[in-house]
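Take a look at the structure set out below.
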Amino acid sequence: MNRGFALLAAIFVAALMANTARAEGPVMIVDDPAVLAALDARGFGFAGIFGVDGKGDLKTLYDKALAYHRIVETIAGDVAALRAEMKTGGRPLYEVTDGNVGRIIDMRWLKTDAARFRLVGVVNRLDRRDFAEIRGDGGCGEVRFVYRLAYSFKKNGKLLASRLPFNFNAIYSAAPDADGGCVGVAGRWTPQIDETVDIGWLIGGPLEKAGLSFKQLELNAQMVRFPSGQETEFGGQAAYLMRIFGIDGETVSEKPLENTPD
């Protein structure tokens with residue numbers, strides 16, 4: 001190989017590696033399945049939002065947590081109203097069907113021991129500090145825990161398991177530093193050169209519970225699905241329900257969505 005070319009190649013590789021190292025920066029999202037499973041099992045599970053210990057199945061949660069029970073019943077009311085409206089318009093919806101018809105969420109998924117909400121992502125939203133300042137909250141943005149509905153059960157000796165397009169987003173406000181600033185809070189999201197983004201680093205740093213306070217629970221879930229055989233111009237169509245719930249013990253309140261017309 002030409003020495004000049006080899007030297008240029010070496011310089012290019014070194015520059016690329018240096019840029020990669022500098023680009024690592026702060027952690028913006030945690031999506032490693034192993035790390036998320038560990039967090040789920042170490043106090044960051046969905047049931048913990050409602051103060052319920054255990055494996056987190058939704059039957060137990062529905063029976064033991066009045067706040068969760070009330071949220072499910074609110075969603076059930078939305079589903080019933082949407083179903084009635086669709087039926088009036090000549091489009092009946094079905095929970096279980098293999099026909100070319102509209103499908104609606106089966107509310108039994110939200111209260112069965114075969115399902116739970118699994119942690120599928122943790123998101124650094126310290127950029128939301130501006131919104132906190134507008135409201136006069138004085139925090140350093142948010143940390144968001146995203147949970148997705150998953151099921152697992154046996155039928156005829158076979159294990160059936162999957163996930164459904166039904167998500168809750170638990171929002172926590174990040175407390176400011178002792179001096180009221182956010183430099184330290186932001187710094188905790190940046191691993192040092194000898195640190196690994198694992199459960200120990202997260203729990204002892206950016207996800208330390210003393211620095212997080214629960215704000216609200218957001219819902220983004222697919223309620224209705226029309227197959228492409230019905231919606232031939234769209235290749236299928238889906239309708240989603242979005243809601244924001246405030247939770248204070250057993251009390252549940254409904255909050256307005258941001259950037260949404262009244």
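The values are calculated or read from the model by the stated rules, or taken from the named source; none is laboratory data. Keep in mind it's a predicted model, so treat the numbers as computed, not measured. So basically every Cβ, Gly included, is an ideal-geometry build from the backbone, and we count neighbours across all protein chains shown.
Here ARG144 clears all of (1) surrounded by 20 or more Cβ atoms within 10 Å (Cβ to Cβ); (2) assigned to a strand (DSSP E or B) except the condition numbered (1).
When segment 148-165 is filtered for residues that are within 17 Å of the chain's Cα centre (by Cα) and not small (Gly, Ala, Ser), the ones remaining, listed by number, are ARG148, LEU149, TYR151, ARG163, LEU164, PRO165.
Considering only residues in segment 166-185 that are of a type in the set (A, V, I, L, M) and over 21 Å from the mean Cα position of the chain (by Cα), the one that is surrounded by the most Cβ atoms within 10 Å (Cβ to Cβ) turns out to be VAL185. Of the residues making up segment 46-90, those that are assigned to a helix (DSSP H, G or I), among the hydrophobic types (A, V, I, L, M, F, W, C), surrounded by 17 or more Cβ atoms within 10 Å (Cβ to Cβ) and at pLDDT below 95 are VAL79, LEU82, MET86.
When THR190 is tested against (1) assigned to a strand (DSSP E or B); (2) of a type in the set (Ser, Thr, Tyr); (3) surrounded by fewer than 15 Cβ atoms within 10 Å (Cβ to Cβ), only condition (1) is not met. If the condition is being over 19 Å from TRP189 (Cα atoms) and at pLDDT 90 or above, then segment 125-148 contributes TYR147, ARG148. Can you list residue pairs whose Cβ atoms sit under 7 Å apart, with the first residue in segment 37-55 being aliphatic (A, V, I, L, M) and the second being at pLDDT 95 or above and assigned to a loop (DSSP other than H, G, I, E, B)? Count only pairs 6 or more apart in sequence or on different chains. Close Cβ pairs (under 7 Å, with a partner that is at pLDDT 95 or above and assigned to a loop (DSSP other than H, G, I, E, B)) amount to VAL52/ALA65.
Restricted to segment 74-90, and to residues there that are without any contact (Cβ under 8 Å) to a residue 60 or more places away in the chain and not charged (D, E, K, R), the residue that is farthest from ILE244 (Cα to Cα) is GLY90. Does ARG103 qualify as being outside any helix (DSSP H, G or I), of a type in the set (D, E, K, R), surrounded by 13 or more Cβ atoms within 10 Å (Cβ to Cβ) and modelled with pLDDT under 75? No; evaluated as a whole, the condition is false for this residue. Among the residues of segment 216-241, the one identified as buried (at least 16 other Cβ atoms within 10 Å of the Cβ), at pLDDT below 95 and of a type in the set (D, E, K, R) is ARG225. Taken together, the residues in segment 147-165 that are assigned to a strand (DSSP E or B) and loosely packed, with under 12 Cβ neighbours inside 10 Å amount to 7.
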